[in-house]
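Working notes, structure below.
The values are calculated or read from the model by the stated rules, or taken from the named source; none is laboratory data. Everything quoted here is computed from the prediction, not taken from an experiment. As a convention, Cβ positions derive from the backbone with ideal geometry for all residues, glycine included, and neighbour counts pool all protein chains shown.
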Amino acid sequence: MRTTSKVSFKTFEDLEVHKLAREFRKQMYEVSRRLPASEKYDLASQIRRAAVSLTNNVAEGHGRYHFLDQLRFLLLARGSLEELIDDLNVCADEHYLLAEEIEKLQELGWRVHNLINGYGRYLRNRKANAATPLHEDSSSYENGGGQDV
(Lines give C-alpha, C1' and ligand atoms only; values in the text may rest on other atoms or scores of the structure.)
Protein backbone atom coordinates (compact mmCIF):
# COMPACT_ATOMS: atom_id res chain seq x y z
CA MET A 1 0.00 0.00 0.00
CA ARG A 2 1.23 3.47 -0.83
CA THR A 3 1.68 6.10 1.86
CA THR A 4 -0.61 9.07 2.16
CA SER A 5 0.49 12.61 2.86
CA LYS A 6 -1.55 15.48 4.19
CA VAL A 7 -1.06 17.41 0.95
CA SER A 8 -1.75 14.94 -1.84
CA PHE A 9 -2.56 11.40 -2.83
CA LYS A 10 0.01 9.33 -4.67
CA THR A 11 -2.34 6.73 -6.19
CA PHE A 12 -6.00 5.79 -6.26
CA GLU A 13 -5.22 3.28 -3.50
CA ASP A 14 -4.69 6.19 -1.11
CA LEU A 15 -8.24 7.48 -1.57
CA GLU A 16 -10.53 6.72 1.36
CA VAL A 17 -13.36 6.16 -1.12
CA HIS A 18 -11.33 3.45 -2.86
CA LYS A 19 -10.31 1.81 0.42
CA LEU A 20 -13.89 1.50 1.61
CA ALA A 21 -15.17 0.49 -1.84
CA ARG A 22 -12.51 -2.23 -1.93
CA GLU A 23 -13.69 -3.58 1.43
CA PHE A 24 -17.28 -3.58 0.16
CA ARG A 25 -16.18 -5.36 -3.03
CA LYS A 26 -14.49 -8.11 -1.01
CA GLN A 27 -17.60 -8.62 1.10
CA MET A 28 -19.83 -8.75 -1.98
CA TYR A 29 -17.52 -11.34 -3.56
CA GLU A 30 -18.02 -13.41 -0.42
CA VAL A 31 -21.79 -13.05 -0.85
CA SER A 32 -21.49 -14.25 -4.46
CA ARG A 33 -19.67 -17.40 -3.29
CA ARG A 34 -22.46 -18.23 -0.81
CA LEU A 35 -25.39 -17.98 -3.22
CA PRO A 36 -27.18 -21.14 -4.33
CA ALA A 37 -25.76 -23.03 -7.32
CA SER A 38 -28.78 -21.93 -9.37
CA GLU A 39 -27.48 -18.33 -9.13
CA LYS A 40 -23.87 -19.13 -10.17
CA TYR A 41 -24.23 -17.70 -13.69
CA ASP A 42 -26.89 -15.13 -12.92
CA LEU A 43 -26.92 -13.16 -9.69
CA ALA A 44 -23.48 -14.27 -8.47
CA SER A 45 -21.85 -13.35 -11.77
CA GLN A 46 -23.66 -10.00 -11.83
CA ILE A 47 -22.52 -9.22 -8.28
CA ARG A 48 -18.89 -9.97 -9.16
CA ARG A 49 -19.00 -7.80 -12.30
CA ALA A 50 -20.61 -4.86 -10.50
CA ALA A 51 -18.24 -5.17 -7.53
CA VAL A 52 -15.18 -5.04 -9.78
CA SER A 53 -16.72 -2.18 -11.76
CA LEU A 54 -17.14 -0.19 -8.54
CA THR A 55 -13.45 -0.12 -7.64
CA ASN A 56 -12.20 -0.12 -11.23
CA ASN A 57 -14.14 3.04 -12.02
CA VAL A 58 -12.89 4.84 -8.91
CA ALA A 59 -9.34 3.90 -9.95
CA GLU A 60 -9.78 4.83 -13.61
CA GLY A 61 -11.39 8.16 -12.75
CA HIS A 62 -8.49 8.99 -10.48
CA GLY A 63 -6.12 8.33 -13.37
CA ARG A 64 -7.89 10.76 -15.68
CA TYR A 65 -6.54 14.26 -16.02
CA HIS A 66 -9.71 16.07 -17.02
CA PHE A 67 -12.28 16.96 -14.41
CA LEU A 68 -15.27 15.75 -16.44
CA ASP A 69 -13.61 12.37 -17.05
CA GLN A 70 -12.97 12.04 -13.33
CA LEU A 71 -16.63 12.75 -12.58
CA ARG A 72 -17.88 10.45 -15.34
CA PHE A 73 -16.01 7.48 -13.90
CA LEU A 74 -17.10 8.38 -10.39
CA LEU A 75 -20.72 8.34 -11.57
CA LEU A 76 -20.16 4.92 -13.18
CA ALA A 77 -18.78 3.67 -9.86
CA ARG A 78 -21.84 5.02 -8.06
CA GLY A 79 -24.13 3.26 -10.54
CA SER A 80 -22.35 -0.05 -9.94
CA LEU A 81 -22.62 0.51 -6.20
CA GLU A 82 -26.36 1.11 -6.37
CA GLU A 83 -26.69 -2.03 -8.48
CA LEU A 84 -24.92 -3.98 -5.72
CA ILE A 85 -27.20 -2.52 -3.07
CA ASP A 86 -30.17 -3.65 -5.14
CA ASP A 87 -28.60 -7.10 -5.53
CA LEU A 88 -28.71 -7.25 -1.74
CA ASN A 89 -32.44 -6.56 -2.01
CA VAL A 90 -32.70 -9.61 -4.28
CA CYS A 91 -30.82 -11.63 -1.66
CA ALA A 92 -33.31 -10.45 0.95
CA ASP A 93 -36.35 -11.16 -1.22
CA GLU A 94 -35.11 -14.66 -2.05
CA HIS A 95 -33.94 -15.35 1.54
CA TYR A 96 -30.36 -16.06 0.44
CA LEU A 97 -28.85 -14.22 3.44
CA LEU A 98 -29.94 -13.32 6.95
CA ALA A 99 -31.65 -9.94 7.24
CA GLU A 100 -29.04 -8.70 9.73
CA GLU A 101 -26.22 -9.49 7.32
CA ILE A 102 -27.97 -7.73 4.44
CA GLU A 103 -28.57 -4.69 6.63
CA LYS A 104 -24.88 -4.48 7.59
CA LEU A 105 -23.79 -4.81 3.96
CA GLN A 106 -26.26 -2.18 2.82
CA GLU A 107 -25.05 0.19 5.54
CA LEU A 108 -21.49 -0.29 4.29
CA GLY A 109 -22.70 0.29 0.73
CA TRP A 110 -24.39 3.55 1.69
CA ARG A 111 -21.19 4.66 3.48
CA VAL A 112 -19.31 4.09 0.22
CA HIS A 113 -22.08 6.02 -1.56
CA ASN A 114 -21.58 8.97 0.79
CA LEU A 115 -17.83 8.95 0.12
CA ILE A 116 -18.40 8.85 -3.64
CA ASN A 117 -20.78 11.81 -3.39
CA GLY A 118 -18.38 13.69 -1.13
CA TYR A 119 -15.44 13.01 -3.43
CA GLY A 120 -17.48 14.24 -6.39
CA ARG A 121 -18.29 17.47 -4.52
CA TYR A 122 -14.63 17.82 -3.63
CA LEU A 123 -13.64 17.46 -7.31
CA ARG A 124 -16.21 20.07 -8.34
CA ASN A 125 -14.99 22.47 -5.64
CA ARG A 126 -11.39 21.89 -6.64
CA LYS A 127 -12.31 22.68 -10.23
CA ALA A 128 -13.95 25.89 -9.07
CA ASN A 129 -10.70 26.78 -7.26
CA ALA A 130 -8.38 25.58 -10.05
CA ALA A 131 -5.21 26.71 -8.27
CA THR A 132 -5.31 23.71 -5.90
CA PRO A 133 -3.41 20.46 -6.66
CA LEU A 134 -5.11 17.63 -8.56
CA HIS A 135 -5.55 15.11 -5.68
CA GLU A 136 -5.79 16.28 -2.07
CA ASP A 137 -6.33 15.14 1.49
CA SER A 138 -9.46 13.03 1.93
CA SER A 139 -10.65 15.03 4.94
CA SER A 140 -12.33 17.33 2.40
CA TYR A 141 -14.77 14.62 1.36
CA GLU A 142 -14.73 11.75 3.89
CA ASN A 143 -17.92 12.86 5.60
CA GLY A 144 -19.53 13.25 2.23
CA GLY A 145 -23.25 12.44 2.56
CA GLY A 146 -25.62 15.11 1.44
CA GLN A 147 -25.69 16.38 -2.09
CA ASP A 148 -25.10 13.91 -4.92
CA VAL A 149 -22.31 14.04 -7.47
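Of all residues in segment 76-128, how many are assigned to a helix (DSSP H, G or I) and either in contact with a Cys (Cβ under 7 Å, 6 or more places away or on another chain) or among the small types (Gly, Ala, Ser) (or both)?
10
Restricting to segment 9-41, name every residue that is surrounded by 14 or more Cβ atoms within 10 Å (Cβ to Cβ), more than 20 Å from Arg64 (Cβ to Cβ) and of a type in the set (D, E, K, R).
Glu23, Arg25, Glu39 - these are the residues of segment 9-41 that are surrounded by 14 or more Cβ atoms within 10 Å (Cβ to Cβ), more than 20 Å from Arg64 (Cβ to Cβ) and of a type in the set (D, E, K, R).
Check whether at least one residue in segment 60-75 is crowded, with 20+ Cβ neighbours inside 10 Å, at pLDDT below 95, in contact with a His (Cβ under 8 Å, 6 or more places away or on another chain) and assigned to a helix (DSSP H, G or I), and report yes or no.
yes
Can you find even one residue in segment 1-13 that is within 21 Å of Gly118 (Cβ to Cβ) and assigned to a helix (DSSP H, G or I)?
Within segment 1-13, one or more residues are within 21 Å of Gly118 (Cβ to Cβ) and assigned to a helix (DSSP H, G or I).
Looking only at segment 83-107, which residues are surrounded by fewer than 13 Cβ atoms within 10 Å (Cβ to Cβ) and either among the small types (Gly, Ala, Ser) or in contact with a Pro (Cβ under 8 Å, 6 or more places away or on another chain) (or both)?
Listed by number, the list holds a single entry, Ala99.
Can you tell me which residues in segment 56-97 are out of contact with any Gly (no Cβ under 7 Å at 6 or more places or on another chain) and among the aromatic types (Phe, Trp, Tyr)?
Tyr65, Phe67, Tyr96
Kindly indicate which of Ser32, Ser53, Ser38, Ser80 is of a type in the set (S, T, N, Q) and without any contact (Cβ under 8 Å) to a residue 12 or more places away in the chain.
On the way: Ser32 fails: without any contact (Cβ under 8 Å) to a residue 12 or more places away in the chain; Ser53 fails: without any contact (Cβ under 8 Å) to a residue 12 or more places away in the chain; Ser80 fails: without any contact (Cβ under 8 Å) to a residue 12 or more places away in the chain.
Result of the check over Ser32, Ser53, Ser38, Ser80: Ser38.
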